[in-house]
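Okay, structure first, notes after.
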Amino acid sequence: MVRLLLFDVDGTLIRTHGAGVAAFQRVFASEFGIQDAVAGVSFAGRTDPSIVREVFARHGIEASEANFGRFFTLYPHWLDHLLSRSRGEICAGVWNLIHRVGQIASSVRMGLLTGNTRLGAEIKLRHFQLWQAFQLGAFGDDHEDRNALARFALRRASEWMGADLRGEDVVVVGDTAHDIECARAIRARSLAVATGGNTIEELRSHSPTWAVPNLNCVTAEEICGLAPAEDFFGADA
Ligand SMILES: [Mg+2]
């Protein structure tokens, strides 16, 4: 029986159509005088602090606490502003799945496992009225390394639930190879969704437990282990 579902944010729960990346650009331009700072930088599946560190390194800016502080003080304002002007969306199947998990498995907790900072994740998910659906989370400002973040999430969830959670109690839902690795780092199962840009085939090449085109292709019962999941692509559960 699954006890905890951990969801990635970008490309898994929502798509911001570039508002997140644009917010990075604006902060680097306005605060550090760097134009087009994130050109060629990969965002998918990474923690925000690790992206900022890479840009600092590329442009010879000291990766000091003060500079990280400058970046992350301004970033939420730009993110909020740009989100309000963008047409993003909730990924297919997300809302139904969250609603249904609450109905059929009230003991299953839903949390976030994301490279966004906590405030960044909150701004994005509040924009789509999704923030309240999640009871806990591990975020990019908890740890810069995504796999360490997974261990952090498991520990935090165990404390919060007053239980000794193990990897087998957890399913990590995400849209990139990083999410699949993350699940593996804590011996959890992974459900890869092709709603963030990676194809099913690309995701499958990283051997997730399951891979689906979108979250409409899986039921809450299957994810929570209440029904056989043999209909999943490549299911081994
Ligand atoms: Mg993602």
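The values are calculated or read from the model by the stated rules, or taken from the named source; none is laboratory data. Just so we're clear, the structure is a prediction, and the values are computed from it rather than from any experiment. Cβ sites come from the backbone with ideal geometry, for glycine too, and all protein chains shown count toward neighbours.
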Legend entry - Identity of the residue in the stretch 93-115, farther than 17 Å from A192 by Cα and assigned to a loop (DSSP other than H, G, I, E, B), that ends up modelled with the highest pLDDT: V108
Legend entry - Test: residue in the stretch 154-175 that is at pLDDT below 95 and within 16 Å of the ligand (Cβ to nearest atom): no
Inset, instruction - Give the residue, chosen from V27, V2, V9, that is at pLDDT 95 or above and more than 16 Å from the ligand (Cβ to nearest atom). - result: V27
Inset, instruction - Identify, by number, the condition in (1) outside any loop (DSSP other than H, G, I, E, B); (2) within 16 Å of the ligand (Cβ to nearest atom); (3) crowded, with 21+ Cβ neighbours inside 10 Å that G45 doesn't meet. - result: (1)
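What about H99, is it more than 16 Å from the ligand (Cβ to nearest atom), loosely packed, with under 15 Cβ neighbours inside 10 Å and assigned by TED's automatic domain parsing to the domain that holds A150? Give the derivation first.
Numbers: more than 16 Å from the ligand (Cβ to nearest atom): yes; loosely packed, with under 15 Cβ neighbours inside 10 Å: yes; assigned by TED's automatic domain parsing to the domain that holds A150: yes.
Against the criterion (more than 16 Å from the ligand (Cβ to nearest atom), loosely packed, with under 15 Cβ neighbours inside 10 Å and assigned by TED's automatic domain parsing to the domain that holds A150), H99 qualifies.
Per-residue answers, yes or no, for (1) among the aliphatic types (A, V, I, L, M); (2) out of contact with any strand residue (DSSP E or B) (no Cβ under 8 Å at 6 or more places or on another chain); (3) in the same structural domain as N198 (by TED's automatic domain parsing):
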site: G111; (1), (2), (3): no, no, yes
site: L119; (1), (2), (3): yes, yes, yes
site: A133; (1), (2), (3): yes, no, yes
site: F139; (1), (2), (3): no, no, yes
site: L149; (1), (2), (3): yes, no, yes
site: V170; (1), (2), (3): yes, no, yes
Inset, instruction - Have a look at R87, R151 and point out the one that is within 17 Å of L4 (Cβ to Cβ) and either β-branched (V, I, T) or modelled with pLDDT under 95 (or both). - result: R151
Legend entry - Tally, over the stretch 213-236, of residues that are at pLDDT below 95 and closer than 13 Å to T12 by Cα: 0
Legend entry - Residue that is closer than 22 Å to G11 by Cα, charged (D, E, K, R) and within 16 Å of the ligand (Cβ to nearest atom), where the choices are E144, E89: E89
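Here is a check on your reading of the model: is A37 buried (at least 20 other Cβ atoms within 10 Å of the Cβ), away from the ligand (no atom under 16 Å from the Cβ) and without any contact (Cβ under 8 Å) to a residue 40 or more places away in the chain?
Details: buried (at least 20 other Cβ atoms within 10 Å of the Cβ): yes; away from the ligand (no atom under 16 Å from the Cβ): yes; without any contact (Cβ under 8 Å) to a residue 40 or more places away in the chain: yes.
Taking the combined requirement at face value, the residue satisfies it.
Restricting the stretch 12-24 to residues that are more than 10 Å from the ligand (Cβ to nearest atom) and not polar (S, T, N, Q), which is surrounded by the fewest Cβ atoms within 10 Å (Cβ to Cβ)?
Once the filter is applied, the top-ranked residue is G18.
Examine the stretch 198-205 for a residue that is within 16 Å of the ligand (Cβ to nearest atom) and among the charged types (D, E, K, R), and state whether such a residue exists. Can you show your working first?
We begin by selecting, within the stretch 198-205, every residue within 16 Å of the ligand (Cβ to nearest atom); these are 198-200, 202-203.
Filter once more, so that each one left must be among the charged types (D, E, K, R): 202.
So far as the stretch 198-205 goes, yes, one or more of its residues are within 16 Å of the ligand (Cβ to nearest atom) and among the charged types (D, E, K, R).
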